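Below is one structure, written out as structure tokens, with a few remarks after it.
The values are calculated or read from the model by the stated rules, or taken from the named source; none is laboratory data. These numbers come from a predicted model, not from an experiment. Cβ coordinates were reconstructed from backbone atoms using ideal geometry, including for glycine residues, and neighbour counts include every protein chain displayed. Surface accessibility is based on the protein's heavy atoms, side chains included, excluding ligands, DNA and RNA. Shrake-Rupley method; radii C 1.70, N 1.55, O 1.52, S 1.80 Å.
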Amino acid sequence: DGSWDDAKLSVLRQLYEEYRARLIGSRSDDEVRYPAPNSTLLAEAAAVYMVNNRHYRDMQQRDPSWKPSLAFAWNVAGDYFLTIKARQVESARPGARRGAAPVCDPQAT
């Protein structure tokens, strides 16, 4: 049947963890927590999304009743998708300041 029992869910979680480990690889904790704007980690995370998206679109063309899902990509690299999107929104804001926040001495004003 099409139900998702505990054994199937366990295998699926292991698959997510395996691909998450491949994505993170031997990067430092800082690289994983705070990826640079043009880091290979973010590029690889975007690639996971694009490959998953292309796969489900191909499957849907073959069988229109097939229910597409980006769950694999989101479970492997979802936090990085949010980072990419937040940075896109921030850089697109009119008047957005680039770089670190300026240092201000409240006593000097």
- Query: In whole percent, how big is the carbon plus sulfur part of the accessible area of the range 1-60, probe 1.4 Å, protein atoms only?
  - Reply: 53 percent
- Query: Label points 7 Å out from Cα along the Cβ direction at Trp66 and Trp4: separation in nm?
  - Reply: 1.8 nm
- Item | Cα→Cβ-extended label distance, 7 Å offset, between Lys85 and Asn38, nm | 2.5 nm
- Note on the structure: Simple SL model, points at 7 angstrom along Cα→Cβ for Glu18 and Met59; separation in nm is 1.6 nm
